[in-house]
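Student: Supplied in structure tokens, the structure appears directly below.
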Amino acid sequence: MKNYVILISGRGSNMEAIIDAQVPGRCAAVISNRPAAAGLAWAAARGVPTAVVDHKASASREAFDAALAAEIDRHAPDLVVLAGFMRVLGESFVRRYEGRLINIHPSLLPAFPGLHTHAAALAAGVRIHGATVHFVTPALDSGPIIIQAAVPVLPGDSPDTLAARVLAQEHVIYPRAVDWFLQGRLRLDQGRVVLTDEPMGAGALIVPAG
Ligand code: GAR
């Protein structure tokens, strides 16, 4: 059976969605860069091993990346899942896990990379917003797109109401992407996403009814 590790920095609701979805693999560890991350307690209560690699304990970004990689490699994961992991990872770290490192970002990439995506979407006046799961490449919030979910922007939305609508869809698409990978149906091939047994890429875009 394949195994995966999840990296978090905070609440961990995407982590919960993935673990609760009973994807076909074993969660070998949940690793946080912040000792106070709420998701650690949730994982521990489920019997999932947890670890902290505190970025504040490292003198440099390179040292942090090396400490994080050492912890990840103890579990020899098939897949590394960034789920609200809020540290920028260096190029050599990303290359080390190329093709087995995925992330979720709360926008329809390539629109609105970076932070405060929901406020940015409202400020831009877009009518459609959403979330993206992608393979990670060295450039921030970029990389081959695996699955996206679109949601409407409604009159009167605040960043918080919009974030909640997007987050509900994150919890749909992230477990689906992890499931595909662990089934061996999803891979990165020379920079392109290959998804087998999913006709015409159907299922790689979620648009909720309503
Ligand atoms: C999620 O909305 C995720 O998309 C976002 O952080 C939140 C984490 O929530 N990630 C990023 O902004 C990465 N650039 P969670 O801890 O409840 O899963």
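Student: Which order do Glu98, Glu170 fall in if you start with the one that has the fewest other Cβ atoms within 10 Å?
Tutor: Glu98, Glu170
Student: Identify which of Ala83, Ala38, Ala177 has the largest mean-square fluctuation in a Gaussian network model of the chain, with springs joining Cα atoms closer than 10 Å.
Tutor: Highest fluctuation among the options: Ala38.
Student: Hey, another quick one. When N counts the residues of the stretch 99-210, how does its alpha-carbon radius of gyration compare numerically with 2.2 N^0.38 Å, as a ratio? Don't skip to the end; give the middle numbers.
Tutor: Numbers: Rg = 14.1 Å, N = 112, 2.2 N^0.38 = 13.2 Å.
Ratio of Rg to 2.2 N^0.38 Å for the stretch 99-210: 1.06.
Student: Which log10 I(q)/I(0) values does the chain give at q = 0.08, 0.18 Å⁻¹ under the Debye formula, counting every alpha carbon as one identical point scatterer?
Tutor: After summing over all Cα pairs, the log10 values are -0.26, -1.35.
Student: Which whole-number percentage describes the relative contact order of the stretch 87-159, with Cα contacts under 8 Å and a sequence gap of 6 or more?
Tutor: Relative contact order for the stretch 87-159 comes out at 34 percent.
Student: I need the shape label for the stretch 3-116. Rule: rounded when a/c is under 1.5, else prolate if a/b > b/c, else oblate, with a, b, c from the alpha carbon gyration tensor.
Tutor: Cα axes put the stretch 3-116 in the rounded bin.
Student: Related question: So, counting K/R as plus one and D/E as minus one, what does the shell of residues with Cβ under 12 Å around Tyr97 add up to?
Tutor: -2
Student: Reported to two decimal places, what Rg/Rh ratio describes the stretch 77-165 when computed on Cα atoms with Rh from the Kirkwood expression?
Tutor: We get a ratio of 1.01 for the stretch 77-165.
Student: Using Cα springs under 10 Å in a Gaussian network model of the chain, which residue among Pro110, Pro24, Pro138 shows the largest mean-square fluctuation?
Tutor: With Cα springs under 10 Å in the chain, the top fluctuation among Pro110, Pro24, Pro138 is at Pro110.
None of the figures in this text is laboratory data; all of them are computed from the coordinates on show. These figures come from a predicted structure and were not determined experimentally. Ideal geometry is used to build each Cβ from the backbone, glycine not excepted, and the neighbour counts take in all protein chains shown.
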